Amino acid sequence: YGNLVPRDIATREIFDVCVRQGLSVEKDRPCVYLDLTELPAETHHKLEGILEIYEKFQGVDPRTTPMKIFPAVHYSMGGLWVDYEKDEKTGGLVIGSPRNQHSNVPGLFVIGEADYQYHGANRLGANSLLSCVFSGLIVAPSVESWLSSLPHGSAEDRPVSLFDGAVEPHRKRMEELIRGDGSENPYLLHRELGDWMTRNVTVVRHNKDLEATLEKIDELRSRYRRVALADRSNWTNQNFSFTRALGDMLLLAEVITRGALMRNECRGAHFKPEFQIPSPDADDPAALRRQAEQWCRAFREKNEKWLKTTRAHYTPDGPTITYEEVDTSLIPPRPRTYGLKGAEIIEEVWREHERGQGRSPVAEPAAAS
Ligand SMILES: Cc1cc2nc3c(=O)[nH]c(=O)nc-3n(C[C@H](O)[C@H](O)[C@H](O)COP(=O)(O)OP(=O)(O)OC[C@H]3O[C@@H](n4cnc5c(N)ncnc54)[C@H](O)[C@@H]3O)c2cc1C
């Protein structure tokens with residue numbers, strides 16, 4: 001790839017060096033060097049933002065000293081389920097439909113990174129712009145139509161008991177947390193959760209590690225019941241907000257880990273090496289062609305089984321998982337062949353297959369920024 005390695009591939013290499021081989025350049029912190037010191041000074045302006053941020057936070061000038069880096073979570077590919085209404089004629093959305101961006105909680109609309117839409121199995125550069133701007137744009141007319149479909153009246157017409165009843169469980173939970181006198185420190189639990197999730201549920205996923213992580217989350221959850229807050233006040237208590245959010249993080253961690261464990265395929269950012277389709281390796285052109293055909297068959301079978309959205313439903317006994325079909329009518333999936341031997345042949349076989357099915361293969365997308 002020259003210097004333009006796709007970010008998931010670069011990330012896996014760094015992860016392998018630090019986590020699997022244990023060769024981090026620092027003892028207690030996973031990181032590798034990114035050496036920009038040989039870049040000519042006249043090119044620095046192209047990276048100015050990054051260089052400045054690094055210098056500000058690390059106190060080291062990356063123009064003269066190699067940077068220490070490690071991949072960080074910077075986007076969540078998943079979120080609250082939201083509905084949409086499809087225009088069957090155009091395949092696009094029915095603008096103004098009260099279903100668009102509407103979650104399964106009536107009146108709760110979700111947009112941006114918090115919703116689950118508008119990304120594939122992998123992260124494309126600037127995807128969040130799409131999700132923030134597009135869902136932000138279409139949600140307003142949807143909220144408007146939903147509101148106008150409601151019976152007239154205002155919240156003040158509803159009985160006070162309705163609001164009190166909704167507030168009460170939260171007040172009770174807050175008091176329990178503030179009064180708790182256990183021995184667990186919520187910040188340490190948070191760090192342990194983060195370490196386990198980063199190690200086992202981010203860049204590379206193995207089923208045995210995912211199973212161990214689920215057990216760990218169980219353990220952390222029981223320790224969470226014994227947390228004690230350093231601040232017990234009832235006003236602007238940051239300790240309380242953090243600890244309450246930690247309970248939600250444990251639940252989300254379980255959803256993510258359980259979903260990953262059940263999804264036995266290797267796709268995009270959900271990188272499970274055990275389920276990777278073997279790359280063609282033949283030198284003989286006819287054999288390579290046969291392998292490319294096998295590869296495409298395996299890719300099709302994988303899509304039939306797994307080209308679905310994982311949906312987690314809350315139950316008091318833990319999340320249950322179901323799957324929802326993905327509508328690919330506007331952009332059919334096609335193989336991602338980065339770094340595969342015989343990539344062009346795979347693509348050719350795929351195009352032939354798509355044409356055979358009466359579908360026109362999609363053109364190469366423009367490079368993502
Ligand atoms: C380090 C990093 C680098 C990134 N780089 C890129 C990139 O190069 N390109 C790209 O496209 N995307 C990038 N992203 C992702 C992108 O920044 C986010 O997906 C996007 O900003 C999400 O926008 P949002 O409006 O949906 O949510 P947010 O920007 O997260 O906004 C949510 C807001 O809600 C507020 N909030 C939270 N809880 C409450 C509450 N209880 N009450 C009131 N307010 C609350 C928060 O304070 C926040 O202001 C990056 C993210 C990170 C972390």
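A few points about this structure:
- Qualifying residue in segment 66-86 (condition: away from the ligand (no atom under 16 Å from the Cβ) and of a type in the set (S, T, N, Q)): no
- Residue that is farthest from residue 142 (Cα to Cα), among those in segment 101-112 that are in a loop (DSSP other than H, G, I, E, B) and within 16 Å of the ligand (Cβ to nearest atom): 105
- Any hit, segment 288-296, residues being under 24 Å from residue 205 (Cβ atoms) and surrounded by 15 or more Cβ atoms within 10 Å (Cβ to Cβ): yes
- Just one of the numbered conditions (1) of a type in the set (Lys, Arg); (2) without any contact (Cβ under 8 Å) to a residue 60 or more places away in the chain; (3) within 11 Å of the ligand (Cβ to nearest atom) is not true of residue 63: (3).
- Test for residue 146: is it touching a strand residue (DSSP E or B) at 6+ places or on another chain (Cβ under 8 Å) and either within 16 Å of the ligand (Cβ to nearest atom) or β-branched (Val, Ile, Thr) (or both): no
- Positions within segment 297-308 being surrounded by fewer than 16 Cβ atoms within 10 Å (Cβ to Cβ), out of contact with any Phe, Trp or Tyr (no Cβ under 7 Å at 6 or more places or on another chain) and closer than 15 Å to residue 262 by Cβ, in sequence order: 305
- Hits in segment 295-333 - residues which are among the basic types (Lys, Arg) and within 16 Å of residue 269 (Cα to Cα): 302, 308
- One residue stands out among those in segment 120-139 that are assigned to a helix (DSSP H, G or I), crowded, with 16+ Cβ neighbours inside 10 Å and touching a residue at least 24 places away in the same chain (Cβ under 8 Å): the one that is farthest from the ligand (Cβ to nearest atom), which is 138.
- Restricted to segment 41-80, and to residues there that are under 24 Å from the mean Cα position of the chain (by Cα) and open to solvent by 60 Å² or more (accessible area, probe 1.4 Å), the residue that is nearest to residue 257 (Cα to Cα) is 77.
The values are calculated or read from the model by the stated rules, or taken from the named source; none is laboratory data. Only a predicted model underlies this, so the values are computations on that prediction, with no experimental measurement involved. Glycine gets a Cβ as well: all are built from the backbone with ideal geometry, and neighbour counts include every protein chain shown. Accessible surface is based on the protein model in full, side chains and every heavy atom, while ligands, DNA and RNA are left aside. Shrake-Rupley method; radii C 1.70, N 1.55, O 1.52, S 1.80 Å.
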